[in-house]
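So the structure is just underneath, and the comments pick up after that.
The values are calculated or read from the model by the stated rules, or taken from the named source; none is laboratory data. As the structure is a prediction and not an experimental result, all values here were calculated from the model. Positions of Cβ are generated from backbone atoms using ideal geometry, with glycine treated the same way; all protein chains shown enter the neighbour counts. Protein only, heavy atoms only, side chains kept; ligands, DNA and RNA dropped before computing areas. Shrake-Rupley method; radii C 1.70, N 1.55, O 1.52, S 1.80 Å.
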Amino acid sequence: MTGNTQNDQQYEQQPNRHRRDKSVQRRRVLIGGGTVALAGGLAAAGFASADTSTTTSTTTVTTDASASATSGVCTLTAEVTEGPYSLDGALIREDIREEKEGVEVQYTFTVVDQDNDCAPLADALVELWHCDALGEYSGFVGKNGHTEDDDGTFLRGGVLTDSNGEASIVSIWPGHYVSRAVHVHMRVHTDVTLADGTYTGGTLVHTGQLFFDADLNEEVQATSPYADNTTAETSLGDDTIYDDGGAASGLLTLTALGSAVSDGYTATLTVGVSTS
């Protein structure tokens with residue numbers, strides 16, 4: 001933790017919603033990294049906690065299971081708060097960048113259903129939102145001390161999963177803001193109705209946050225335009241939400257798209273939800 005309580009209160013409209021209350025028992029979901037396992041019986045297989053291993057920015061940052069042939073898929077984990085910067089009615093779109101500059105991230109999520117032997121979950125809406133390179137959220141610009149245009153939609157949106165349970169979204173690597181490590185917010189909905197480029201209704205089956213390898217994040221934050229953000233950055237190890245659980249806690253598997261940081265990354269994660 002950063003210990004900067006005054007800054008937390010100044011920046012976050014509802015700071016208590018943005019922190020994980022470890023004293024409260026939550027509905028638990030399944031979440032893992034790497035490839036999806038379709039075989040039945042995973043929920044009874046003795047789920048292993050995930051460890052992380054990092055090489056260089058030009059290779060893959062992987063998540064390995066310590067004692068499971070399923071590579072951490074369907075490892076039980078707690079959901080986390082959505083935070084104070086969510087907005088209703090996300091746009092349905094694969095590319096959520098609009099005109100925002102930053103290191104490209106190509107996300108691919110595989111959503112599986114715990115209640116159906118971790119089979120792929122089709123037609124589920126995977127929704128993301130996060131801050132820009134200067135730590136500002138659309139709809140809340142100025143909370144991190146920067147003045148810029150705010151249309152209330154940049155770096156927000158989602159897509160439906162296909163028949164394989166996969167959803168692909170293109171965005172940028174997030175910046176940072178006071179009191180939190182770099183992260184992305186995620187929600188998964190079922191039974192939504194699509195209309196006019198957005199959605200209505202449905203059932204929320206997962207609320208979580210996604211995190212990035214600390215070493216790679218340090219490289220990204222040192223580049224432009226991220227380096228223009230001079231607010232204090234919280235490390236992943238000191239974050240109040242991330243609990244050091246690897247893929248089980250939303251840590252993405254990252255693969256470089258080229259030899260330079262500016263070339264961007266792919267980011268993958270398998271997310272298991274309970275639809276019952």
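At a glance:
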| read-out | value |
| --- | --- |
| Extension gain from Ser168 to Asp123, taking 0.36 nm per residue of separation minus the Cα-Cα distance | 14.9 nm |
| Two-site label geometry, Thr275 and Thr230: point separation in nm, points 7 Å out along Cα→Cβ | 5.1 |
| Simple spin-label estimate for Glu99 and Ala260 in nanometres, 7 Å along Cα-Cβ | 2.4 |
| Karplus-derived 3J(HN,Hα), 6.51/-1.76/1.60, for each residue of the range 245-257, Hz, glycine and proline x | x, x, 4, 5, 10, x, 6, 6, 8, 10, 10, 5, 8 |
| Shape parameters for the range 211-276, alpha-carbon atoms, Rg then Dmax in Å | 14.1, 46 |
| The range 126-276, relative contact order [Cα under 8 Å, separation at least 6], % | 21 |
| His206 long-range amide H proximity, modeled H, under 5 Å | Val188 |
| Accessible surface, the range 146-266, averaged per residue in Å² (probe 1.4 Å) | 37 |
| Kirkwood Rh, Cα atoms: Rg over Rh of the range 91-164 | 1.09 |
| Rounded to whole Hz, the Karplus (6.51, -1.76, 1.60) HN-Hα couplings of the range 179-193, x for glycine and proline | 5, 10, 6, 4, 7, 10, 8, 9, 10, 10, 10, 10, 6, 7, 10 |
| Coordinate range along principal axes, alpha carbons of the range 83-223, Å, largest first | 44, 35, 24 |
| Using a Förster distance of 35 Å, the FRET efficiency for Ala222-Thr108 (Cβ separation, nearest 0.05) | 0.85 |
| Accessible area of Lys143 in the full protein assembly, 1.4 Å probe (Å², nearest 10) | 70 |
